[in-house]
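Working notes for the structure below.
The values are calculated or read from the model by the stated rules, or taken from the named source; none is laboratory data. Please read these numbers as outputs of a predicted model, since none were measured by experiment. Cβ: placed from backbone, ideal geometry, glycine included. Neighbour counts: every protein chain shown. Accessible surface is based on the protein model in full, side chains and every heavy atom, while ligands, DNA and RNA are left aside. Shrake-Rupley method; radii C 1.70, N 1.55, O 1.52, S 1.80 Å.
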Amino acid sequence: MSTTAVDTLRSQVSGTVVAPGDADYEAARKVYNGMIDKRPAAVVRCNGSADVAAVVRLARAEGLDLSVRGGGHSAPGFGTNDGGLVIDLSPLQDVVVSPDAQTAIAGGGCTWSTFNDATYAAGLATTGGIIGSTGIAGLTLGGGIGYLARQYGLSCDNLLRAEVVTADGEVLTASERDHRDLFWALRGGGGNFGVVTQFEYQLHPVADIYGGPIAYPADRADDVLRFYRDYIAEAPESFGGFVGFHLAPPLPFLPDEWHFKNICLGVTCWTGPMDQGEKMVQPFLDVVEPVGSMVGPMPYPALNTAFDPLLPAGLQGYWKASFARGLSDDAIAVHADYGARVPSIQTAVHLYPINGAVQRVADDATAFAYRDVDFAPVIAGMWDNPADNDANIEWVRGYYDALRPYSVDGGYINFMDSDDQSRIKANYRGNFDRLGAIKAEYDPTNLFHLNQNIQPRP
Ligand code: FAD
């Protein structure tokens, strides 16, 4: 892109255009995954839908690649590219809460910590991610799994309305009333259909929760996972939480001798009456003697940011995931084996429950197609040193391959990496054809292709 074209772009938008040579270009071109090293022609920090529409039109007119960046967390680094344009929505951080209606309208660049803080002030929350720095945009558009999902459904199930800039630069409202097909596709179909500049969510009365992390010796993981499998199938829906594997972080609730050792982790979150919290969490403390725990009453946003310091931007990252139906003893044996060999302090293996309110929505009611599974396991490889890339990627792939006999074909698009594009049909199964048709209507030239891509299919 020529300097004249960049200058023209600057004259067309109210936000900042950052181009090669500018002081903050190095920061602007980067995304959360430090493995992604791409150099776009310009990053446009958009101030609203008019800016977004201007960038969309230019990308289309010039035939440039176009990335759309919300929180920038996608493992494959879809929020940046080589030689194209980036729509960076980070200036759009406003959250307006309507306490009476129990709804919130949030800008497309908002992160969950900003969102949760704003809704907490009104004693309200909706299902969001477990890390504060993740974008509401990518997470919601792909589905959205979090502590409140068993009780209130996925994040996308709580989406009431979206303001969308389409591939031809039009600004639309998508909801159950307007552009219903588009609204259906946005709830699980990812960033394929347009740029969402504003999200409106249903909120619920959730403020303080009872829960927190509990660490167990990794060699007792089979007992913990068997317990969790049975507990989470029957637990009241006000209980959210997951189990997984980590290296023990050097935090005060864990004894020094356990720091950096392999642990199995349970994270609990009870949103029901506070005086029942202890009773709900106690079985997690009884199943195996914990190495340490930090359980008690806390604000919902505190649990959702508890792990943020462990996961700063810039880590190397490689992820794999598939949904699982049931959790057999053989699958648990695979988890216990690989989980006990988590190779880095930032790597997280989590087994999120898919049940309760998530399963009460039909598979074809939104684009998110896997409501009939039981778990969404993710092997989220993250580490510091690029010299460790090969070893860490090999461990993630080995774990994933070993789990394949116990997994369904499809996975959650938000847990997928750049080498998962071939799985797109399996990820959407019965919804795939309808998504292709909606894509053909709203983005016939596949302008929005830097995502888990659904090709237009008239
Ligand atoms: P981005 O990289 O900005 O975007 C991701 C995708 O969405 C890209 O394809 C992008 O083009 C598209 N997109 C972004 N913004 C918009 C927009 N406004 N309009 C249209 N398209 C857009 N997932 C969960 O479900 N639950 C979790 O608890 C959870 N925890 C996570 C923790 C970490 C540390 C990380 C790295 C990821 C986590 N994820 C979780 C996965 C997360 O849902 C995905 O990485 C998601 O894509 C992040 O959204 P983003 O806006 O931050 O990412």
Cut-off 14 Å between beta-carbons: net charge of the residues surrounding SER2, Lys and Arg +1, Asp and Glu -1: -1
The stretch 44-94-the stretch 387-458 distance, computed between alpha-carbon centres (Å): 21 Å
HN-Hα J in Hz across the stretch 413-424 - Karplus 6.51, -1.76, 1.60, θ = phi - 60°, x for Gly and Pro: 4, 6, 9, 9, 10, 5, 8, 9, 4, 5, 8, 4
Antiparallel bridge percentage (DSSP; both residues within the chain; nearest 5): 90 percent
In order through the stretch 89-96: 3J(HN,Hα) via Karplus (6.51 cos²θ - 1.76 cosθ + 1.60), integer Hz, x for Gly, Pro: 8, 4, x, 8, 10, 5, 10, 10
Spacing of the two label points (7 Å from each Cα toward its C-beta) at ASP22 and VAL361, in nm: 3.6 nm
Spatial separation of Cα centroids for the stretch 269-336 and the stretch 182-198, in angstrom: 29 Å
Kirkwood Rh in Å, taken over the stretch 49-129 so that all alpha-carbon pairs contribute: 14.2 Å
In sequence order, calculated HN-Hα J values of the stretch 428-442 (Karplus, 6.51, -1.76, 1.60; Hz; x Gly/Pro): 10, 4, x, 9, 5, 5, 5, 5, x, 5, 5, 4, 4, 6, 9
Antiparallel bridges, percent of DSSP beta bridges restricted to the stretch 52-115 (to nearest 5): 50 percent
For the stretch 113-218: rounded, prolate or oblate by the Cα gyration tensor [a/c cutoff 1.5]: prolate
Separation in nanometres of the label points that stand 7 Å from Cα toward Cβ, at PHE253 and SER418: 3.6 nm
Separation of the THR445 and GLN93 label points, Cα + 7 Å toward Cβ, nm: 3.4 nm
Translational diffusion of the stretch 235-347, µm² s⁻¹ [Kirkwood Rh, Cα pairs; Stokes-Einstein; 20 °C; 1.002 mPa s]: 134 µm²/s
Signed unit charges on C-beta, dipole axis of the chain, positive-most listed residue CYS269, LEU141, THR445: THR445
Environment charge at ALA336 (Cβ cut-off 12 Å; Lys +1, Arg +1, Asp -1, Glu -1): -3
Mean separation of Cα contacts under 8 Å (6+ apart) over length of the chain, as relative contact order %: 16 percent
Burial ranking of peptide ranges 238-248, 414-424, 306-316 (average Cβ count within 10 Å, highest at the top): 238-248, 414-424, 306-316
Under the Debye formula (equal points on every Cα, no solvent term), log10 I(q)/I(0) of the stretch 171-220 at q = 0.17, 0.23, 0.31 Å⁻¹: -0.67, -0.89, -1.31
The stretch 1-150 - percent of accessible surface contributed by carbon and sulfur, probe 1.4 Å: 49 percent
Global geometry of the chain, whether rounded, prolate or oblate, following the gyration tensor of its Cα atoms and the 1.5 cut on a/c: prolate
Whole-Å semi-axes of the ellipsoid equivalent to the stretch 390-458 (Cα gyration tensor, √5λ, descending): 28, 14, 6
Taking the stretch 151-215 and dividing mean pair separation by its residue count, relative contact order in percent (alpha carbons under 8 Å, at least six apart): 37 percent
With DNA, RNA and ligands ignored, accessible area of THR445 (1.4 Å probe; Å², nearest 10): 90 Å²
Kirkwood hydrodynamic radius of the stretch 37-82, from inverse mean 1/r over distinct Cα pairs, in Å: 11.3 Å
Anchor LYS320: lysines whose Cα lies under 26 Å away (excluding residues fewer than 8 positions away in-chain): LYS30, LYS38, LYS261, LYS425, LYS439
Whether the stretch 285-417 is rounded, prolate or oblate, judged on the alpha carbon gyration tensor where a/c under 1.5 counts as rounded: rounded
Charge dipole (the chain, unit charges on Cβ, about Cα centre) - positive-most of PRO20, PRO249, VAL52: VAL52
For VAL349, distant residues with modelled amide H under 5 Å away: PHE245, ALA380
